[in-house]
Amino acid sequence: MEPLRPGDPRRIGPYHLIGRLDAYSSNVPVPEQRFLARSPEGGRTVLISTPLFGAHRGRFIAEAEGAGRQSGPWLAPVTEVREADELSWYASPYVPVVPLPAALAAHGGPLPERTVRALGAALAESLAALHASGVTHAGLSPAALLLGADGPRLTCFGAVRAAAPDGDQPAEFPGTASGTVPPEQLAGGRPQPPGDTFALGSVLSYAVTGHTVPERSELPEGLRTTISACLARDPAGRPPATRLLEALAGSPGTAGLGPQQQPLAPHGTVLDGGLGPAAMLLGPGWLPGRIIAAMARQSAEVLAADIDATTWPSASALP
């Protein structure tokens, strides 16, 4: 948890802000402003997201409301959405989490292959559920992935589209990391599921090398084929999320196959009501100890934070 910055609000809606989730020093763009906050009686702690300065507020709210209607594996739930003249925002229940860039900082460098494979399987499982319901995430980036002790949470739903009116794609993509936006979107195309696959490859590249556009030789051999397939410039050459899930979960004979050749999952998944394969990779020890320690520090800081009611404006002035 980072301290609030000068100029930050001290209250959003009914919640008192106690800190920022994202580090000052991170060189990875964050698509939203994210705060840790607590209810006045202290009984509820939430993660609040607000749009970046200059972002299109209507799109931000529309995408947040869309996220609130989605339920799937490893998606951070959106439980409150508010549009106000002063500041629009949405909230999710708080659990101790660290953004992927902070996890690399806590670990002291790129993450182990086991951790990255588990993250990739969880992301692929989330994307497969979204794509099956006709939804494209369109905002996947290193900062959009939060790591918790029991697994990751995918956030920043539609953050790329929220940066421009009516879903139009701007010439630049504020708040997104270099290398995470697929070539077809940079050329003006609409968000599509293969674009999510490209972003997933960029996120896994970042997790395992420390940057989103690595040389192929930098990637560990066990993930090289899968990540390279995600990063194919031709969208038709990228495997769909269902087949990526099989490759990352380690099913024999799938990791090196092309998008049309890979077999679909032969066992139950979250898409048909079964236990998804990602859960099998997220058992004890999936996260390095230093990252677990960072979560414990954050939890202690949140619990110890005081609410100074004297700094709050009157309720009538709040959204």
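Using a basic spin-label model with each label point 7 Å from the Cα along Cα→Cβ, how many nm lie between residue 187 and residue 228? Here the answer is 2.3 nm between the modelled labels.
The label point for residue 114 and the one for residue 57, both projected 7 Å from the Cα toward the Cβ, are 4.8 nm apart. Calculated accessible area for region 118-160 comes out at 16 Å² per residue, all protein chains present (probe 1.4 Å; ligands, DNA, RNA ignored). Over region 48-104, the fraction of Cα-Cα pairs per 5 Å bin, rounded to whole percents and listed from the shortest bin up, is 4, 16, 26, 21, 18, 12, 2, 0. The stretch between residue 150 and residue 24, if pulled fully straight at 0.36 nm per residue, gains 42.8 nm over its current Cα-Cα span.
Could you do me a favour and compute the accessible area per residue for region 1-113, 1.4 Å probe, result in Å²? In whole numbers, region 1-113 has 44 Å² accessible per residue.
For region 30-79, trypsin sites (Lys or Arg not before Pro) are listed when DSSP marks them as loop and at most 14 other Cβ atoms sit within 10 Å of their Cβ; the list is 44, 69. A DSSP coil position with no more than 16 other Cβ atoms inside 10 Å describes the following GluC sites (Glu not before Pro) in region 1-79: 41. Segment residue 297..residue 236, full-extension length gain: 17.6 nm, with 0.36 nm per residue of separation and the alpha-carbon distance subtracted.
The values are calculated or read from the model by the stated rules, or taken from the named source; none is laboratory data. Treat the numbers as computed from the prediction; the structure is a model and nothing was measured. Using ideal geometry, Cβ is built from the backbone for each residue, glycine included, and neighbour counts are taken over all protein chains shown. Only protein heavy atoms, including side chains, enter the accessible area calculation; ligands, DNA and RNA are left aside. Shrake-Rupley method; radii C 1.70, N 1.55, O 1.52, S 1.80 Å.
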